[in-house]
1. Tell me, what ³J(HN,Hα) does each residue in the range 18-32 have, in order and in whole Hz, if you take phi through Karplus 6.51 cos²θ - 1.76 cosθ + 1.60 with θ = phi - 60° and put x for Gly and Pro?
2. Below 8 Å between Cα atoms, with a sequence gap of 6+, how large is the relative contact order for the chain in percent?
3. Give me, ordered by chain and number, the residues 5 or more places off Leu16 or on other chains with an amide H under 5 Å from its own placed amide H.
4. List the residues, sorted by chain then number, that are 5 or more residues from Leu7 or on another chain and whose placed amide H is less than 5 Å from its amide H.
5. Restricting attention to the alpha-carbon atoms of the chain, what are Rg (one decimal) and Dmax (integer), both in Å?
6. Convert each backbone phi in the range 114-131 into a coupling constant with the Karplus relation 6.51 cos²θ - 1.76 cosθ + 1.60 (shift: θ = phi - 60°), then list the ³J(HN,Hα) values in order as whole Hz, x for Gly and Pro.
7. Would you please put 113-125, 70-82 in order of how densely packed they are, using the mean number of other Cβ atoms within 10 angstrom per residue and starting with the highest?
8. Tell me the label-point distance for the pair Arg55, Val25, using the 7 Å Cα-to-Cβ offset, in nm and rounded to one decimal.
Amino acid sequence: MTDPEPLALPAEEPVLRVVPMPADVNWHGDIFGGWIMAQVDLAGGVVAARRARGRVATVAVNAFTFKQPVLVGDVVSFFAQIVRIGRTSITVDVEVFAQRRPDREITVKVTEATLTYVAVGTDGRPRDVPPA
């Protein structure tokens, strides 16, 4: 595999940053896609819950693209931003970058996704997203 074009991480702080471990690999030795999907959902949920000022539930994974494998030991950073707010829903774009090879660090974009969350009240039913 040739080295991808060098990238820099986005300027803002990541919502989540984790290092995958050997227990997170698939049978090919790459990090299991389901592990990445779970982390993306967590990152998107943090941003949505902040904006909703409370509990949210994932209602849709609108798009999910794996661009590069994630490797054991990569430092994986999740950046999330709200792209749409409806009456009860919040749609979030999540970009995922991996920093690998500590001897000559490279950064690659590994995943991008769009998810929709719904604000949920104490009764478990959808509620209005409060004004900004």
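1. Using θ = phi - 60°, the values come out as 9, 10, x, 10, x, 5, 9, 8, 8, 5, 8, x, 8, 5, 4 Hz.
2. 30
3. HN-HN under 5 Å from Leu16: Phe78.
4. Here Thr107 satisfy the definition.
5. Just the Cα atoms of the chain yield Rg and Dmax of 16.0, 52 Å.
6. 10, 10, 10, 10, 10, 5, 10, x, 5, 8, x, 9, x, 9, 5, 6, x, x
7. Per-residue Cβ counts within 10 Å, averaged per peptide and sorted highest first, yield 70-82, 113-125.
8. Label-label distance for Arg55 and Val25, simple model: 3.9 nm.
Taken together, the values in this text are just the output of simple stated rules run on the coordinates, not laboratory data. What you see is a predicted model; the values in this text were computed from it and never measured. Because the Cβ atoms are built from the backbone with ideal geometry, glycine has one as well, and the counts that use them run over all protein chains shown.
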